[in-house]
Structure formats: structure tokens, C-alpha cells
1. Of all residues in region 148-169, count the ones that are surrounded by fewer than 18 Cβ atoms within 10 Å (Cβ to Cβ) and either without any contact (Cβ under 8 Å) to a residue 40 or more places away in the chain or within 17 Å of the chain's Cα centre (by Cα) (or both).
2. Leu45 versus (1) surrounded by 15 or more Cβ atoms within 10 Å (Cβ to Cβ); (2) touching a residue at least 40 places away in the same chain (Cβ under 8 Å); (3) not polar (S, T, N, Q): which is the lone unmet condition?
3. If you take the residues of region 1-47 that are assigned to a loop (DSSP other than H, G, I, E, B) and aliphatic (A, V, I, L, M), which of them is modelled with the lowest pLDDT?
4. How many residues does region 125-172 hold that are over 19 Å from Tyr9 (Cβ atoms), within 16 Å of the ligand (Cβ to nearest atom) and not in a loop (DSSP other than H, G, I, E, B)?
5. Take the residues of region 48-84 that are touching a residue at least 24 places away in the same chain (Cβ under 8 Å) and in a loop (DSSP other than H, G, I, E, B): which is nearest to Met113 (Cα to Cα)?
6. Within region 112-124, can one find any residue that is more than 9 Å from the ligand (Cβ to nearest atom) and free of Cβ contacts under 8 Å to residues at least 24 places away in the same chain?
7. Working only within region 56-98, note down all residues that are within 8 Å of the ligand (Cβ to nearest atom) and hydroxyl-bearing (Ser, Thr, Tyr).
Amino acid sequence: MSQNILVTYASRSGATQGVAEAIGKTLAESGANVDVKPMSAVTDLSPYSAVVAGSAIQASAWLPEALDFISTNQHAISQKPFATFLVCMTLAMKNGEKYRPFVTDFINPVRSMVKPVSEAQFAGTLDLKKIPSLGDRIKFGISILLGVWKQGDHRDWNEINSWAVSLNSKLN
Ligand SMILES: Cc1cc2nc3c(=O)[nH]c(=O)nc-3n(C[C@H](O)[C@H](O)[C@H](O)COP(=O)(O)O)c2cc1C
């Protein structure tokens, strides 16, 4: 029988949504029934045999609504194979790979609630026009001028798809 997999996400400017959709597409191509939904639209996990959940990172943490989702659904998630990912800009920095252990720790609050069978960290996007707060736009603008961050889409679709393929054997 084919699996019913939920790929759910919390995203502020769309980068994490795009990653979730790519993961969902790859899982569906491998034969699973897949729903890709924002966490705010998920009310019931009972139809699903496995859950993949990811969030954008702000202030070195999953978005608050994403942590709330895990907390609210902790019991249901702990009954199923669960995989998790995050999308951030730290990995898009020059020599970003050296920060991977630091970025991996952003998942600690999730790990304290549920045990993922697999975890991934992906570089995201930065578009000043999509940042709603003027203060944040100024902060990021200065960081761009200083060369800390580079605007643009830094998502590595090969890396994202490889991780999604690796989930096939882990979400059973
Ligand atoms: C207000 C704000 C705070 C952020 N804080 C961090 C951070 O602490 N560490 C990091 O690596 N990226 C940080 N980012 C970058 C986002 O994680 C990145 O832009 C991501 O692609 C956003 O995903 P989304 O489009 O799904 O919201 C921040 C972005 C914003 C707008």
C-alpha cells in the first residue's frame, strides 16, 4: 500500500514553501500520496503515515508557529516516522559550510519534543523587498553592504532533491 505523507512548512517569504513543494514532488514521484501544506492549514495528522516538517529560520530559531505546531502535535508526530528541515541564510554565507554544526543546533527545540528519523539544513533566499519590517531591512541591508550576506536565491535544488530521495527508505 502506498504511503500518505504530509510535507508541512512555515514560511514568511516563500523560500521554505518552495523547498517543501520540491520535497513533496520528489516523494510523489517515488509513488507516495503527498500533501504539501502550510502548518497553519493542518488540523489532523491521522490520515498520514509519515510527516516531514520544515521552517524558515529567524533569530537562529524555527518560526514560533512552527514550534507551536510541533508542540501541539507532539503525541501524533511521535507515533509516525518524522523528518525535519530548516531553511536559513547562514549556510549561504561565504564558507557557510563551516557553520553547519551551529545551524544544526537550531533544531534542538524540535529534537527535545520529537525524534526525527532524518534532518536537513538548507540555504535559503534573501530579498530585501520581501522583508516587512523597516528595522530588519536596514539590518540586512547593512549586512549586505558589509558582505556578510548576498541577496538572491541560494537554494541548492540538487541537495534538496537528494535529501527527499533519501527519505523514501526512512519514512516507512
Ligand atoms: C527577520 C529575519 C531574521 C532572520 N534571521 C536569520 C537567522 O538568525 N539566521 C539565518 O541563518 N537566517 C536568518 N534569516 C534568513 C531566512 O532564514 C531566509 O531568508 C529564509 O530563506 C527565509 O525563508 P522564507 O522565505 O520561507 O521565510 C532571517 C530572515 C529574516 C527576514
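The values are calculated or read from the model by the stated rules, or taken from the named source; none is laboratory data. The structure displayed is predicted, hence computed values, not measured ones. Note that we place each Cβ from the backbone using ideal geometry, even for glycine, and neighbour counts take in every protein chain shown.
1. Qualifying residue count for the region: 12.
2. For Leu45, the exception is condition (2).
3. The qualifying residue modelled with the lowest pLDDT is Met1.
4. Residues in region 125-172 being over 19 Å from Tyr9 (Cβ atoms), within 16 Å of the ligand (Cβ to nearest atom) and not in a loop (DSSP other than H, G, I, E, B): 14 in total.
5. Once the filter is applied, the top-ranked residue is Asn73.
6. Among the residues of region 112-124, at least one is more than 9 Å from the ligand (Cβ to nearest atom) and free of Cβ contacts under 8 Å to residues at least 24 places away in the same chain, which makes the answer yes.
7. Ser60, Thr90
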